[in-house]
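J.: One structure, pasted below without further comment.
Values in this text are rule-based calculations from the coordinates and carry no lab data. Keep in mind the model is a prediction, meaning the values are calculated, not measured. Here the Cβ is made from the backbone with ideal geometry for all residues, glycine too, and neighbour counts use every protein chain on show.
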Amino acid sequence: MPTTTATLLDTFHDFQPDDQDFLSAVVDGLAAERKSIPSKFFYDEAGSRLFDEICGLAEYYPTRTEMLILEKFKDQMAALAGTHCHLVELGSGSSIKTRTLMQALDRPLGYIPIDISRDHLMQSAQSFSQLFADVPVAAICADYTTAFDLPAIAVGQYVGFYPGSTIGNFTPDEAVVFLQRLKHKLNGGGLLIGVDLIKDTAILNAAYDDARGVTAAFNKNLLVRCNRELGADFELAAFAHRAFYNEAECRIEMHLVSTRAQQVGIADQVFAFAEDETIHTENSYKYSIDGFHTLARRAGLTPVQVWTDPAKLFSVHYLSAG
Ligand SMILES: C[S@@+](CC[C@H](N)C(=O)[O-])C[C@H]1O[C@@H](n2cnc3c(N)ncnc32)[C@H](O)[C@@H]1O
């Protein structure tokens, strides 16, 4: 049952998926002919911390590039968002990029961060509240691909903020369905969305397979989480991180590779792995600007403006949901 709790924040709405959802997703994913686990399960507290570490890596250009774009064009973005907006952030993580945007917004009436990673969301929302004491914060812990409600608003409009190219974790068809649902929730407002661009394969591969092995630890944390929360017996040393750009599909794929033939127990089931068999753990689709505009239009959203960096590594789009 969703609960609403008064905390240091103005409100906290808890629709957190339960352990049963995680267990069913893992068991179904490992029973399939091509094994996979949905990437949203990366984000327990340790996964969220590891993702923040990835954001600071030299190889991981998306975060710093998107930050530069936000910093440079925040006034134009704020003008499109209009006065009195309620900023709804999807997959808010540490809410760092939000700070840059919030400084530029004209008399915002609220901040609504939504994330699946409960403790991290609470901490980030509280830090945000301390920085922007005049902006009411209504945090929502939810899997945004399932049902959740936005707080009703009497004045102003919702503006969605979906940075980090997290939209790339969906296949293009899934992204259209997700954006259609989001458009409906935004109820005529707009959406500011970060989208990673197609580029040189070597830059892409390095971004998802860094020299210090932080992305490898992030990927393997999924197995740590399965062991801790589901009582699985994954032997961590017998799985390796693999990430590569699949040019035909325009996506980075992340996998966990079984380094030998082995069996893994989860709940009352046993899953056999052949040597070199993989668990597909994440896709990160890359787009051209035109390609993303086509996708947005399929979802009923209207491209209004796009900003990029000089090297055209990353893009931020303002889409109208009207
Ligand atoms: C790639 S990180 C981006 C974080 C931050 N927005 C940024 O730009 O750096 C993805 C974020 O989305 C959250 N997330 C992923 N899948 C989600 C889902 N299905 N529902 C809610 N949050 C999700 C994760 O917990 C994480 O904070």
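J.: If Lys and Arg each add +1 and Asp and Glu each add -1, what is the summed charge of the other residues whose beta carbon sits under 13 Å from the beta carbon of residue 36? Kindly include the intermediate steps, with their values, before the conclusion.
T.: Working: positive: 34, 35, 40; negative: 28, 33, 253, 277, 282.
Around residue 36, the surrounding residues sum to -2.
J.: Let's test the formula: R0 of 35 Å, r as the Cβ-Cβ distance of residue 154 and residue 53. What FRET efficiency results, to the nearest 0.05? The partial results should precede the final answer.
T.: Numbers: r = 41 Å, r/R0 = 1.16.
Efficiency, from the Cβ-Cβ distance: 0.30.
J.: A further question on this structure: Take every Cα pair under 8 Å in region 9-156 that's 6+ residues apart, average their separations, divide by the length, and report that relative contact order as a whole percent.
T.: Worked out over region 9-156, it gives 31 percent.
J.: Could you tally the net charge around residue 203, taking each other residue with its Cβ under 11 Å from the Cβ of residue 203, Lys/Arg +1 and Asp/Glu -1?
T.: On the way: positive: 199, 286; negative: 59, 196, 200.
Once positives and negatives cancel, what remains is -1.
J.: Using only the alpha carbon atoms of region 76-234, find the Kirkwood hydrodynamic radius as the inverse mean reciprocal pair distance, in angstroms to one decimal.
T.: About 17.4 Å, per the Kirkwood formula over Cα pairs.
J.: Suppose we flag GluC sites (Glu not before Pro) only when DSSP calls them loop and at most 12 other Cβ atoms lie within 10 Å. Which is the longest uninterrupted stretch of the chain?
T.: Answer - 34-246.
J.: How many nm separate the modelled label positions at residue 123 and residue 290, each set 7 Å beyond the Cα in the direction of the Cβ?
T.: 4.5 nm
J.: So if we plug the beta-carbon distance of residue 227 and residue 45 into 1/(1 + (r/R0)^6) with R0 = 22 Å, what FRET efficiency do we get, rounded to 0.05?
T.: My answer for the efficiency is 0.90.
J.: Still on this structure, I have one more. Contour minus end-to-end for residue 275 and residue 236, with contour as 0.36 nm per residue of separation and end-to-end as the Cα-Cα distance?
T.: Numbers: separation 39, 0.36 × 39 = 14.04 nm, distance 1.46 nm.
My answer for the length gained is 12.6 nm.
J.: Principal axis lengths of region 40-130 from Cα atoms, whole Å, largest first?
T.: Principal extents (largest minus smallest coordinate, Cα): 37, 28, 23 Å.
J.: Could I ask something else about it? To the nearest 500 deg cm²/dmol, what mean residue ellipticity at 222 nm is calculated for the chain from DSSP H runs of n ≥ 4 alone, each contributing -39,500 (n - 2.57), summed and divided by the residues?
T.: -11500 deg cm²/dmol
J.: Express in nm, to one decimal, how much length is gained between residue 145 and residue 203 on full extension, taking 0.36 nm for each residue of separation and deducting their alpha carbon distance.
T.: Contour length minus the Cα-Cα distance gives 17.9 nm.
J.: What translational D, rounded to a whole number of µm²/s, comes out for the chain from Stokes-Einstein when the hydrodynamic radius is the Kirkwood one over Cα pairs, at 37 °C and 0.692 mPa s?
T.: 161 µm²/s
J.: Considering only DSSP states other than H, G, I, E and B, which trypsin sites (Lys or Arg not before Pro) in region 182-230 qualify as loop sites with at most 14 other Cβ atoms within 10 Å? Intermediate results must be reported in sequence, preceding the final value.
T.: Values: sites: 183, 185, 199, 212, 220, 225, 228; in loops: 199, 212.
The qualifying sites are 212.
J.: Cross-link candidates for residue 97: which lysines have Cα within less than 25 Å, leaving aside residues fewer than 8 places away along the same chain?
T.: Excluding near neighbours in sequence, the set is 40, 72, 74, 183, 185, 199, 286, 312.
J.: Right, here's the next one. Just need the Rg to Rh number for region 128-214, please, alpha carbons only, Kirkwood Rh. Working shown, then result.
T.: Details: Rg = 16.8 Å, Rh = 16.0 Å.
Reported Rg/Rh, Kirkwood definition of Rh: 1.05.
J.: From the P(r) of region 193-314, could you give the percentage of C-alpha pairs in the tail past 21 Å?
T.: The calculated P(r) of region 193-314 puts 52 percent of pairs beyond 21 Å.
J.: How large is the Kirkwood hydrodynamic radius of region 32-84, counting all unique pairs of alpha carbons, in Å?
T.: This gives a value of 14.2 Å.
J.: With contacts defined as alpha carbon pairs under 8 Å and 6 or more residues apart, what's the relative contact order of region 1-96 in percent?
T.: 12 percent
J.: Sticking with this one: Given contacts defined as C-alpha pairs under 8 Å and at least six residues apart, what's the relative contact order of region 93-199, whole-number percent?
T.: It rounds to 24 percent for region 93-199.
J.: Next question, about the same structure. Count the net charge of all other residues whose Cβ sits under 15 Å from the Cβ of residue 18, scoring Lys and Arg as +1 and Asp and Glu as -1. Don't skip to the end; give the middle numbers.
T.: On the way: positive: 40, 118, 225; negative: 14, 19, 21, 44, 143, 229.
Net of charged neighbours comes to -3.
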